Amino acid sequence: MDSLPELLAPAGSPAALQAAIANGADAVYLGGKRFGARQYAANFDLDEMSQAVAFAHRREVRVYVTVNTLLTDRELAELPEYVRYLYEIGVDAVIAQDLGVLRVIRRLMPELPVHASTQLTVCNREGVCLLREAGVQRVILARELSLPEIAAIGQVPGIETEVFVHGALCVGYSGQCLHSSLVGGRSGNRGRCAQPCRMAYRLVDRVGKPLVDPAVAGSYLLSPKDIKAIELLPALIGTGVKALKIEGRMKRPEYVAVVVRQYRQALDRLAGEKEFSVQEAEEKALHQVFNRGFAPAYLQGNPGRELMSYRRPNNRGSYLGRVKAYHAGTGTVRIALAESLRPGDGIEVWVTRGGRVATVVKKLWSGGQSCQEGRPGEEVSLELRGAISPGDRVFKTLDAALIASAWESFRRPVAKGQVPVTAKVWAVTGHPVEVEFRDAHGRKGRGVTVTSAQEARTNPLTSELVAKQLGRLGETPFKLVQVELLGDPAVMVPWSQLNAARRQAIAELESQRLAGWHRVTVEEVNWCRDLPALGLLNPEAPACPVGDHLGGPATDPVLTVAVEGLAGLRAVLAAGVREVYLGTEGYRHGQPFLPGEERAALDLCREAGAKAMIALPRLYRPEQKERVQATIDRWQVAGADSFLVGNLGYLELLAAQGQQAVAGIRTDFSLWVFNAQAAAFLTNLGVEGFTLSPELSLVQWHSLVNAGLPAAGMAARQAEVIVHGPMPMMISEYCATGALLGGIGTGKLCSGACRDHPEVFLEDRLKFRFPIFVDAYCRMHVMNAKELSLLGNLPAIVSLGVGRVRVEGRGKSPHWLQKVTTIYRRALAAIKTGAWEPEIGQKWKEELLRLHPAGYTKGHLFRGVD
């Protein structure tokens with residue numbers, strides 16, 4: 001094989017960095033104390049970051065730093081100096097999610113490579129093309145793509161692709177999730193996901209009746225297995241990916257060491273073998289160090305329920321054996337072993353009743369005698385108390401020997417040299433001895449002894465003696481592989497002198513090698529010119545005062561309504577709405593507008609004097625592009641020329657239609673506008689309007705609209721906020737309805753369970769019921785149990801000066817649409833004329849509550865997100 005992709009490893013701490021490098025990573029990714037998507041990892045302060053970069057570069061390992069969270073304008077104002085520091089210490093690339101972050105970096109430091117985070121939800125060829133034109137060097141693709149889709153995207157020239165091959169999976173599309181923030185106030189888009197998907201849920205109908213038995217199906221209905229793709233390495237390499245990424249910045253260093261080592265061994269073997277297979281020891285190590293069960297994610301297609309770990313959301317270890325007998329009086333259990341067991345190992349018994357019983361083995365007995373190891377096929381006894389029964393399965397959750405071996409691999413991370421070097425020594429009588437080290441790239445370092453070589457009476461220098469002395473490379477990253485001794489045949493020099501020359505030569509070689517990673521310092525004149533031109537906020541400026549009524553003048557925003565189907569459209573037009581988004585996703589298990597109804601829908605809008613924009617499906621993958629394009633074509637033939645989009649790929653796809661065919665584009669909330677620079681990025685691509693992030697608070701909206709946007713050269717009227725309706729917490733290719741009721745699995749099609757069960761909910765431990773909407777593409781949308789309603793705060797929102805406020809009504813009945821739309825139109829009219837009174841607002845809120853008895857939430861209006 002000509003070349004292998006980069007093996008990219010996580011480094012959540014300095015120890016994990018050493019573990020990754022010592023075990024064969026080509027590159028590592030890590031985060032600082034701020035701006036990264038794993039805020040609960042140890043991470044690196046600025047000094048540690050500089051040391052980490054130098055440590056890695058001495059070993060020819062690249063370092064990528066995560067700047068992959070959404071930032072407010074105030075936080076973004078502090079980013080330039082941080083990124084400048086990363087650039088000047090030689091960081092090889094930054095990983096970015098926020099379009100505002102991308103814009104700032106490209107404008108200030110175009111020489112610094114940027115990798116687009118998987119949080120950007122890049123899942124199609126068009127999105128990759130757009131980011132390439134924006135100056136991105138590499139795209140980390142969505143984990144929902146299949147091998148053929150990855151290969152199709154990989155054909156885009158001028159940009160690299162990266163995919164995940166091992167570690168934890170998100171059940172929904174990364175970067176599209178509001179679950180953690182809406183439920184717990186901790187945003188996954190800000191690096192603080194509380195992992196509510198790992199909690200227990202029941203699949204129920206509208207009245208709470210279980211649709212599947214948790215005792216049979218399991219309780220962790222949103223908890224995926226971990227991805228493991230080591231057996232698919234040949235196919236992955238065949239797609240043309242540049243980098244294979246291991247997830248795990250929250251994992252301990254030993255985990256990093258074990259996983260990186262297995263993938264390194266497999267890749268190196270693949271480079272030299274025609275036939276490839278994963279070795280049994282590699283499989284065992286990967287299973288043992290951590291697993292929730294393994295699946296190849298979507299690489300081989302949608303695996304349905306086979307993707308999921310319904311029985312448990314955490315490490316299950318490896319199967320150890322079964323309980324043969326349990327003695328409650330003595331608290332001992334006898335286990336028939338399928339694998340070896342030693343003192344120090346952790347085990348867990350999956351008991352028939354009561355869940356799990358776990359312990360760390362202190363002593364083992366076999367045949368009444370103490371032993372240090374139980375082997376497969378043997379029976380051993382150990383101390384353990386709990387509701388244990390014969391036949392219970394036992395799993396080994398910690399292998400002490402494996403962890404000790406992993407720790408030893410990086411305890412002295414340079415003991416196993418990473419960089420081979422050769423040495424030449426010139427020893428001529430009467431002249432100083434010269435020592436030269438050279439690496440594989442021809443870079444070299446020289447050292448010279450202070451004293452001259454003398455004729456040896458005894459023990460002259462030999463190649464073997466010189467190799468032994470020069471091979472003492474200690475804490476350097478080098479490994480001596482060859483020595484050539486030149487000069488007179490029988491000379492000597494004190495070993496202390498030779499050692500000093502060795503150190504001098506190695507120091508010079510390291511200097512030469514690091515010079516290749518050196519960057520020119522940013523010119524202060526250019527920096528002082530370019531930074532103000534961005535229009536970033538002053539981070540020292542006082543924040544907007546907190547309060548419901550922000551004191552701005554009342555404006556007249558347009559009320560927009562997102563709707564699906566002709567019946568719903570007629571309802572909102574009859575209620576007086578003059579701007580609508582016509583949905584094409586099919587939230588209610590089908591096509592909202594049947595083919596042929598496009599012209600009728602647009603005619604209704606024209607007759608009512610209403611502007612119509614086509615709301616395209618939230619995202620699409622390569623295999624769905626033809627269907628999406630057909631949808632666009634049908635609406636354009638019918639006369640539509642304006643679109644609402646939620647994925648970067650659409651901007652490129654619609655641009656290809658030409659300016660005459662597309663008159664206007666707005667972006668939905670899933671193209672996150674958390675700051676004014678993100679809005680500017682989209683505006684520069686021809687977007688006329690954008691939806692502000694629903695994770696921002698009212699005060700943050702005010703700051704963004706009234707300070708951030710003007711500073712960046714934009715108007716408040718371009719902004720839209722969602723004020724009412726069901727909010728999707730996640731979008732997923734995994735469908736709980738299809739997997740649990742429709743039988744979908746690898747190679748198995750769904751029976752269409754969403755048609756048989758049109759109202760399905762996920763019920764949590766607090767009895768909140770989260771509706772599941774299945775769209776026309778068989779994607780699952782999990783909605784919040786409480787719908788968003790900001791009616792009581794509408795005066796403050798109107799005072800922001802935004803151009804539009806939206807009622808999100810896709811999937812809602814005509815009755816719901818007519819009632820909600822009418823209430824919001826009246827409320828806006830009352831605010832405009834000064835007739836708004838809290839009592840009137842309260843009356844309307846009571847009417848809304850009758851439409852949704854489960855209740856309403858203000859979302860993040862006052863709490864924002866961490």
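Points to keep in mind about this one:
- Residue within segment 458-467 that is closer than 26 Å to I21 by Cβ and modelled with pLDDT of 90 or more present: yes
- Scanning segment 642-665 for residues that are in a strand (DSSP E or B) and open to solvent by less than 10 Å² (accessible area, probe 1.4 Å) turns up S642, F643, L644, V645, G664.
- Pairs where the first residue, in segment 657-673, is touching a residue at least 12 places away in the same chain (Cβ under 8 Å) and within 17 Å of A640 (Cβ to Cβ) and the second is basic (K, R) and in a loop (DSSP other than H, G, I, E, B), C-beta under 9 Å, 6+ apart: D668/R618
- Flag if L169 is under 14 Å from the mean Cα position of the chain (by Cα), open to solvent by 10 Å² or more (accessible area, probe 1.4 Å) and at pLDDT 95 or above: yes
- For beta carbons closer than 8 Å, sequence separation of 6+ or different chains, a first residue in segment 835-853 that is without any contact (Cβ under 8 Å) to a residue 60 or more places away in the chain and among the acidic types (D, E) and a second that is surrounded by 11 or more Cβ atoms within 10 Å (Cβ to Cβ) and part of a helix (DSSP H, G or I), the qualifying pairs are E837/A830; E847/K819; E847/I823.
- Unmet criterion (only one of (1) open to solvent by 10 Å² or more (accessible area, probe 1.4 Å); (2) under 23 Å from R292 (Cβ atoms); (3) part of a loop (DSSP other than H, G, I, E, B); (4) at pLDDT 95 or above) for F164: (3)
- Residue count for segment 327-355, restricted to those that are more than 27 Å from A281 (Cα to Cα) and assigned to a strand (DSSP E or B): 3
- Any hit, segment 145-154, residues being surrounded by fewer than 18 Cβ atoms within 10 Å (Cβ to Cβ) and modelled with pLDDT of 95 or more: yes
- Some residue of segment 689-696 being in contact (Cβ under 8 Å) with a residue 40 or more places away in the chain, touching a helix residue (DSSP H, G or I) at 6+ places or on another chain (Cβ under 7 Å), in a helix (DSSP H, G or I) and among the charged types (D, E, K, R): no
- Single condition N793 does not satisfy, out of (1) modelled with pLDDT of 95 or more; (2) surrounded by fewer than 19 Cβ atoms within 10 Å (Cβ to Cβ); (3) not in a helix (DSSP H, G or I): (3)
- From the list K324, K396, K362, the one residue that fits, being open to solvent by less than 30 Å² (accessible area, probe 1.4 Å), basic (K, R), modelled with pLDDT of 95 or more and outside any helix (DSSP H, G or I), is K396.
- Considering residues of segment 442-466 that are open to solvent by less than 40 Å² (accessible area, probe 1.4 Å), without any contact (Cβ under 8 Å) to a residue 40 or more places away in the chain and in contact with a strand residue (DSSP E or B) (Cβ under 6 Å, 6 or more places away or on another chain) only, the residue nearest to V421 (Cα to Cα): L461
- The residues of segment 829-845 that are assigned to a loop (DSSP other than H, G, I, E, B) and either on the phi > 0 side of the Ramachandran plot or not hydrophobic (A, V, I, L, M, F, W, C) (or both), listed by number, are G834, E837.
- Within the set R806, R826, R863, the sole residue that is open to solvent by 10 Å² or more (accessible area, probe 1.4 Å) and either within 22 Å of G583 (Cβ to Cβ) or part of a loop (DSSP other than H, G, I, E, B) (or both) turns out to be R863.
- Answer from G576, G590 - the residue that is surrounded by fewer than 22 Cβ atoms within 10 Å (Cβ to Cβ), modelled with pLDDT of 95 or more and assigned to a loop (DSSP other than H, G, I, E, B): G576
- Of everything listed in (1) at pLDDT below 95; (2) in a helix (DSSP H, G or I), the single unmet condition for A776 is (2).
- Residue, nearest to E306 (Cα to Cα), within segment 228-271, restricted to residues that are touching a residue at least 40 places away in the same chain (Cβ under 8 Å) and small (G, A, S): A229
- Residue within segment 25-44 that is farther than 20 Å from Q137 by Cα, in contact with an Asp or Glu (Cβ under 6 Å, 6 or more places away or on another chain) and free of Cβ contacts under 8 Å to residues at least 24 places away in the same chain present: yes
- Residue in segment 201-230 that is nearest to S180 (Cα to Cα), counting only those that are open to solvent by less than 10 Å² (accessible area, probe 1.4 Å) and part of a strand (DSSP E or B): P224
- Here segment 129-150 is the region considered, the condition is being among the acidic types (D, E) and outside any loop (DSSP other than H, G, I, E, B), and the residue that is farthest from the chain's Cα centre (by Cα) is E133.
- Among (1) part of a loop (DSSP other than H, G, I, E, B); (2) small (G, A, S); (3) in contact with a Gly (Cβ under 9 Å, 6 or more places away or on another chain); (4) more than 21 Å from D764 (Cα to Cα), the one test that A194 misses: (4)
- With a requirement of 2 or more residues that are open to solvent by 30 Å² or more (accessible area, probe 1.4 Å) and closer than 30 Å to N684 by Cα, the helices (runs of 4 or more DSSP H) lying completely within segment 1-113 that satisfy it span 73-77, 79-88, 99-108.
- Selection count where residues are assigned to a helix (DSSP H, G or I) and within 12 Å of V425 (Cβ to Cβ), scope segment 464-496: 5
- When K242, K274 are checked against the criterion of being surrounded by fewer than 21 Cβ atoms within 10 Å (Cβ to Cβ), of a type outside the set (A, V, I, L, M, F, W, C) and either touching a Lys or Arg at 6+ places or on another chain (Cβ under 7 Å) or under 19 Å from E373 (Cα atoms) (or both), K242 stands alone in meeting it.
- The residue that is nearest to the chain's Cα centre (by Cα), counting only those in segment 674-688 that are outside any helix (DSSP H, G or I) and touching a residue at least 60 places away in the same chain (Cβ under 8 Å), is F674.
- All of R311, R292, R334, R353 fail the test of being in contact with a Ser or Thr (Cβ under 9 Å, 6 or more places away or on another chain), more than 17 Å from A401 (Cα to Cα) and without any contact (Cβ under 8 Å) to a residue 40 or more places away in the chain, apart from R353.
Each row is one residue, and each column tells you yes or no for (1) surrounded by 23 or more Cβ atoms within 10 Å (Cβ to Cβ); (2) modelled with pLDDT of 95 or more.
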residue: P157; (1), (2): no, yes
residue: S181; (1), (2): yes, no
residue: R192; (1), (2): no, no
residue: L232; (1), (2): no, yes
residue: A235; (1), (2): no, yes
residue: G238; (1), (2): no, yes
residue: I246; (1), (2): yes, yes
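The values are calculated or read from the model by the stated rules, or taken from the named source; none is laboratory data. No experiment lies behind these values; they were computed from the predicted model shown. Note: ideal-geometry Cβ built from the backbone for every residue, glycine included; neighbour counts use all protein chains shown. The protein model used for the area step is the full one, side chains on, heavy atoms only, and it has no ligands, DNA or RNA in it. Shrake-Rupley method; radii C 1.70, N 1.55, O 1.52, S 1.80 Å.
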